[in-house]
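Scroll down for the structure; my scribbles are underneath it.
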Amino acid sequence: MTMCAWCSTSTDVMDGFIHALTHQAFLQTALAAGLLASIGCGVMGTYVVVKRIAFLAGGIAHSVLGGIGAAVYFGLPPLAGALGAAVLAALLIGGIRLQWRAQEDTLISALWAMGMAAGILFIAKTPGYQSDLMSYLFGNILLVPRDSLAFMAALDVLLLVAVAAFHRQFMAVAFDEEFARLRGVPVAFFYLLLLVLVAVTVVLMIQVVGLILVLALITLPAAVAGHYVHSLGRMMLVATLLGGLVTTGGLALSYGPDLPVGPTIILLTGGLYMVSAVVSRHLARRRAHRAFHGAAGEARHG
Amino acid sequence: MTAADPVIELRDVGFSYGAAPVLEEVDLTVEAGEFLGIVGPNAGGKSTLLKLVLGLLEPQRGDIRVLGRPPRDASRHLGYVAQYPGFARDFPITVEQTVLMGRLGSGGWLGRYGRADRAAAWQAMVEVEAEDLAQRQIGSLSGGQLQRTLLARALVGAPRVLILDEPTANIDQRVESDIFDLLGRLNERMTILVVSHDIAFISAYVGRVACINRTLVCHKTEAVEGEIIQELYGDHVRMVQHQH
């Protein structure tokens with residue numbers, strides 16, 4: 001890779017990528033994996049952002065390494081270990097949040113770090129697996145096996161069915177837990193279910209961006225969507241589309257200069273978020289300015 | 001329960017969050033159709049009393065019956081407007097969707113709100129004169145508009161008892177009167193409990209006042225006079241009355 005890769009025009013990059021895409025099966029698989037992951041990150045990321053549980057989601061994502069490590073040590077499929085560990089971490093972290101509010105952040109930090117430490121120990125004691133550590137941490141979308149796509153699609157279907165069935169309950173628990181409890185909604189159950197679905201999303205995205213970078217891809221597209229649309233359903237849709245855009249864009253940008261895809265996707269997502277934060281702030285200020293200079297003192301109603 | 005049974009009954013209730021008791025030896029009976037004002041100094045246990053009645057907290061001592069049942073089993077028949085709503089004002093949700101949440105627990109578990117839910121939400125918004133706000137984001141509402149929305153959310157489940165914690169704490173006096181006029185009309189068909197620190201203001205609206213300062217200091221039907229205020233607040237009456 002040379003710096004000159006950066007000099008090539010974007011048209012060249014896109015032409016090269018599109019050409020490769022039509023000829024290389026692994027790129028098609030990678031593209032599909034990115035799009036499948038976007039559905040999870042758009043739908044569950046919206047809840048993570050509006051409920052402000054990014055820290056909990058981070059704890060779940062990082063402690064998943066413990067499950068991956070244990071799975072490879074005992075000769076099981078790593079993704080199965082990841083799914084088991086993610087669900088367990090979601091229940092533990094959710095239980096802590098519901099029962100032990102006072103030390104919530106410290107306890108979650110402890111689980112976060114212990115899960116990672118356990119994973120590193122297991123992987124260190126498994127001959128031949130050290131080299132895969134980096135791809136668990138930072139993802140490698142180019143190495144997604146074709147049969148993983150069916151697994152990812154199944155997880156997406158699971159998420160969409162759960163959210164469609166319990167949309168009212170999830171919204172109520174995300175919005176106002178106390179009121180939901182008074183209306184007879186089993187808040188603890190739906191809160192834990194929500195976190196389990198976040199855990200499923202983390203597993204969905206591990207191969208794409210890895211468990212360290214996953215948090216950005218869950219939260220940032222939804223946060224950008226939240227700058228412009230104001231309903232949970234629309235946020236989910238826009239965040240899914242943005243997720244598809246950044247995973248595909250990251251794949252395309254990294255292909256020519258042979259950059260690691262996961263970090264490219266994340267920098268693209270982070271850049272998009274920052275630009276959007278500045279733009280939406282500017283738009284809000286302009287609206288406020290206009291309100292003041294337009295109909296001075298908009299009639300206040302009750 | 002029969003019509004003559006009390007709507008709310010507390011017997012020798014005691015509650016503590018930690019070492020120091022917040023409420024002690026509280027005996028209180030509320031009859032159907034009453035409009036009860038609960039007053040008392042800050043940290044006197046007013047909000048805690050409401051949360052016990054709602055079943056959000058369990059007393060360490062004593063017994064609470066609401067509509068003849070343990071509070072938790074009665075909560076679907078209660079409408080509640082909290083002092084500090086537990087949601088972020090920038091949550092992406094409209095007034096209508098917020099009001100619809102009051103319909104949870106009636107109807108099925110799966111899927112979306114039905115036509116009956118939407119009709120009930122509309123009716124509740126009309127009742128509090130918030131129907132023009134239906135599609136507004138809650139983050140864009142004024143204090144009074146938000147309070148109307150939360151009142152509609154409490155009313156949409158057709159409660160038998162309406163429980164409000166400082167419903168007018170952050171809104172101006174004219175709107176405060178509007179809201180209490182509305183509560184007066186609602187009182188024709190439901191029992192109302194309202195917490196306030198503003199004893200002078202609410203005494204014009206409520207039928208009876210219960211004064212709470214760790215225990216039930218007094219409950220009077222007649223207008224609350226200086227002597228009782230003195231008993232409740234000690235020597236700092238003026239300060240207390242002017243703090244809002």
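Bear in mind that the values in this text are calculations on the coordinates, not laboratory data. Small disclaimer: the values here were computed from a predicted structure and weren't measured. No Cβ is skipped: glycine too gets one built from the backbone with ideal geometry, and neighbour counts run over all protein chains shown.
Determine ³J(HN,Hα), in whole Hz, for all residues of region A:71-76 in sequence, where each value follows from phi through the Karplus function 6.51 cos²θ - 1.76 cosθ + 1.60 and θ = phi - 60°; x replaces Gly and Pro.
4, 5, 4, 8, x, 9
Dipole of the protein assembly as shown (Lys/Arg Cβ +1, Asp/Glu Cβ -1, origin at the Cα centre): which of A:Leu197, A:Pro260, A:Pro77 lies farthest to the positive side?
Of A:Leu197, A:Pro260, A:Pro77, it is A:Pro260.
Rounded to the nearest 5, what % of the DSSP beta bridges within the protein assembly as shown are antiparallel ones? Intermediate results must be reported in sequence, preceding the final value.
Values: 18 of 35 bridges.
Close to 50 percent.
Could you pull out every whole DSSP H run in chain B that spans at least 27 Å of Cα extent along its own axis and averages 1.6 or higher on the Kyte-Doolittle scale?
Values: long enough: none.
Once both thresholds are applied, nothing remains.
Which whole-angstrom value gives the distance between the alpha carbon centres of region B:127-191 and region A:193-216?
Here the two parts' Cα centres lie 41 Å apart.
Determine the sum of side-chain charges near B:Arg61: Lys and Arg each +1, Asp and Glu each -1, restricted to other residues whose C-beta is under 11 angstrom from that of B:Arg61.
Numbers: positive: B:Arg11; negative: B:Asp12, B:Glu24, B:Glu25, B:Glu58, B:Asp63.
So the surrounding residues net to -4.
Which order do B:Ser196, B:Ser203 fall in if you start with the one that has the fewest other Cβ atoms within 10 Å?
On the way: B:Ser196 26, B:Ser203 18.
Listed from fewest to most nearby Cβ atoms, that is B:Ser203, B:Ser196.
Using helices alone, I'd like the mean residue ellipticity at 222 nm for chain B: each DSSP H run of four-plus residues gives -39500 (n - 2.57), total over residue count, nearest 500. Please report the intermediate quantities before stating the final value.
On the way: 9 runs with 76 residues, N = 244.
Here the helix-only value at 222 nm equals -8500 deg cm²/dmol.
Please work out whether region A:23-293 counts as rounded, prolate or oblate from its C-alpha gyration tensor, where a ≥ b ≥ c are the square roots of the eigenvalues and a/c under 1.5 means rounded, while otherwise a/b larger than b/c means prolate and anything else oblate? Write out the running numbers ahead of the final one.
Working: a/c = 1.78, a/b = 1.17, b/c = 1.52.
In terms of gyration-tensor shape, oblate.
Give a residue-ordered list of calculated ³J(HN,Hα) values for region B:79-91 (Karplus: 6.51 cos²θ - 1.76 cosθ + 1.60, θ = phi - 60°; whole Hz; x for Gly, Pro).
With the stated coefficients, region B:79-91 comes to x, 10, 10, 7, 6, 10, x, x, 10, 7, 5, 8, 4 Hz.
Could you please state, rounded to a whole Å, how far the C-alpha centre of region A:62-91 is from the C-alpha centre of region A:133-192?
Comparing the Cα centres of region A:62-91 and region A:133-192, I get a distance of 17 Å.
For chain A, modelled as a Gaussian network with Cα springs under 10 Å, which listed residue fluctuates most, A:Ala118, A:Ala288, A:Ala277?
Of A:Ala118, A:Ala288, A:Ala277, the Gaussian network model singles out A:Ala288 as fluctuating most.
When a/c reaches 1.5 or more, the comparison of a/b and b/c decides; with that in mind, is region A:66-170 rounded, prolate or oblate per its Cα gyration tensor?
Values: a/c = 2.58, a/b = 1.16, b/c = 2.23.
Verdict is oblate for region A:66-170.
Using a Gaussian network for chain B with springs between C-alpha atoms less than 10 Å apart, which of these wobbles most: B:Leu155, B:Leu110, B:Leu186?
B:Leu110
Rounded, prolate or oblate for the protein assembly as shown? Axes are the square roots of the Cα gyration tensor eigenvalues, ordered a ≥ b ≥ c, and the cut-off for rounded is a/c under 1.5. Walk me through the numbers before you get to the answer.
Numbers: a/c = 2.63, a/b = 1.95, b/c = 1.35.
Cα axes put the protein assembly as shown in the prolate bin.
Across the residues of A:160-172, average count of Cβ atoms on other protein chains within 10 Å?
Values: counts 0, 0, 0, 0, 3, 3, 3, 4, 13, 3, 0, 7, 7.
For peptide A:160-172, the averaged partner shielding equals 3.
For chain B, which span is the longest to avoid every loop-located (per DSSP) member of GluC sites (Glu not before Pro) having at most 13 other Cβ atoms inside 10 Å? Intermediate values should be presented prior to the final figure.
Working: sites that count: B:Glu188, B:Glu222, B:Glu225.
Longest run free of exposed loop sites: B:1-187.
Mind putting a number on the dipole of chain B about its Cα centre? Charges go on the C-beta only, +1 for Lys and Arg and -1 for Asp and Glu, and I need it in Debye to the nearest 20. Write out the running numbers ahead of the final one.
Working: 24 positive and 31 negative charges, 199 e Å.
Value, rounded to 20: 960 debye.
Compare A:Thr46, A:Thr247, A:Thr126 in a GNM of chain A, Cα atoms joined below 10 Å, and give the one with the largest fluctuation.
Largest GNM mean-square fluctuation: A:Thr126.
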